[in-house]
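The values are calculated or read from the model by the stated rules, or taken from the named source; none is laboratory data. No experiment lies behind these values; they were computed from the predicted model shown. Quick reminder, even Gly has a Cβ in these numbers, built from the backbone with ideal geometry, and neighbours come from all protein chains shown. Surface accessibility is based on the protein's heavy atoms, side chains included, excluding ligands, DNA and RNA. Shrake-Rupley method; radii C 1.70, N 1.55, O 1.52, S 1.80 Å.
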Amino acid sequence: MAAHGPLRRADERLGRAAVGHGPAGLTEFLADLGNLAVALPVLAAALAYTLWRGGRGALPRAAGAALAMAAVPALVVPLKSWIARPGPLTPDTGYYPSGHTATAAVAYGGAALLLVVYVRRHRWWPPALALLLTLATGAGLVLRGYHWPLDVAGSWCLCAVLLLLSHRLPARYPPPPRASRAPAAPDR
């Protein structure tokens, strides 16, 4: 659907109309939020904090977020090759789905899902901040002409599934209880 058909034409019209709007420095900054060098340290800090704080289920939750981030290139790169959609400002292919959007969504979303556990009041702010950063990244990529709007939307859909799985699977399969250190009761 993204590679051919009426949705693609509408997407390209919308993308062409959006390119170049907004201050160049700001839109470039927003697009850069999806770079690995920016987004990955945010997730790494959340992973480190989660593991440091420990608690029940910290390791499975951290592993889920890390695996979701590792799944981004494993899913996005083959999809880019398979769909082979050209970019907005180039005839080169491999723009759908947006890897920068996927990186931002999983890194910021994963960090929010890890950190929200430790927030006592106003638990809405980590997910809200993650959503804001992810939306800003997508807007920057479209406004700079790096991606079509559907490239960004496709990544959001893909990453929503990744984040849901990374957050729900560790909760569904909790670690087995630890063995007690107390001596066993004698047999009667």
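Quickly run through the stretch 151-169 and pick out the residues that are without any contact (Cβ under 8 Å) to a residue 60 or more places away in the chain, aliphatic (A, V, I, L, M) and closer than 27 Å to Arg8 by Cα.
Val152, Ala153, Ala160, Val161 - these are the residues of the stretch 151-169 that are without any contact (Cβ under 8 Å) to a residue 60 or more places away in the chain, aliphatic (A, V, I, L, M) and closer than 27 Å to Arg8 by Cα.
Quick one: Ala128 ticks every box in (1) modelled with pLDDT under 90; (2) open to solvent by 10 Å² or more (accessible area, probe 1.4 Å) except a single one, so which number is it?
Condition not satisfied by Ala128: (1).
Can you work out which of the residues in the stretch 5-18 that are of a type in the set (A, V, I, L, M) and over 17 Å from Ala136 (Cβ atoms) is surrounded by the most Cβ atoms within 10 Å (Cβ to Cβ)?
Of everything passing the filter in the stretch 5-18, Leu14 is surrounded by the most Cβ atoms within 10 Å (Cβ to Cβ).
Which one is nearest to Leu7 (Cα to Cα), of the residues in the stretch 58-102 that are open to solvent by less than 10 Å² (accessible area, probe 1.4 Å) and hydroxyl-bearing (Ser, Thr, Tyr)?
Looking at the filtered set, the residue picked out is Ser98.
If you check Gly25 against the conditions, is it at pLDDT 90 or above and farther than 30 Å from Tyr118 by Cα?
So Gly25 passes the test.
Residue by residue, here is whether (1) closer than 19 Å to Gly110 by Cα; (2) under 24 Å from the mean Cα position of the chain (by Cα); (3) open to solvent by 80 Å² or more (accessible area, probe 1.4 Å) holds:
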position	(1), (2), (3)
His21	no, no, yes
Ala24	no, no, no
Leu33	yes, yes, no
Ala46	yes, yes, no
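What's the number of the condition Ala48 fails, among (1) closer than 25 Å to Leu162 by Cα; (2) assigned to a helix (DSSP H, G or I); (3) modelled with pLDDT under 80?
(3)
Just a yes or no: is a residue in the stretch 58-69 touching a Leu at 6+ places or on another chain (Cβ under 6 Å) and within 17 Å of His147 (Cα to Cα)?
Checked against the condition, which is being touching a Leu at 6+ places or on another chain (Cβ under 6 Å) and within 17 Å of His147 (Cα to Cα), the stretch 58-69 yields no hits at all.
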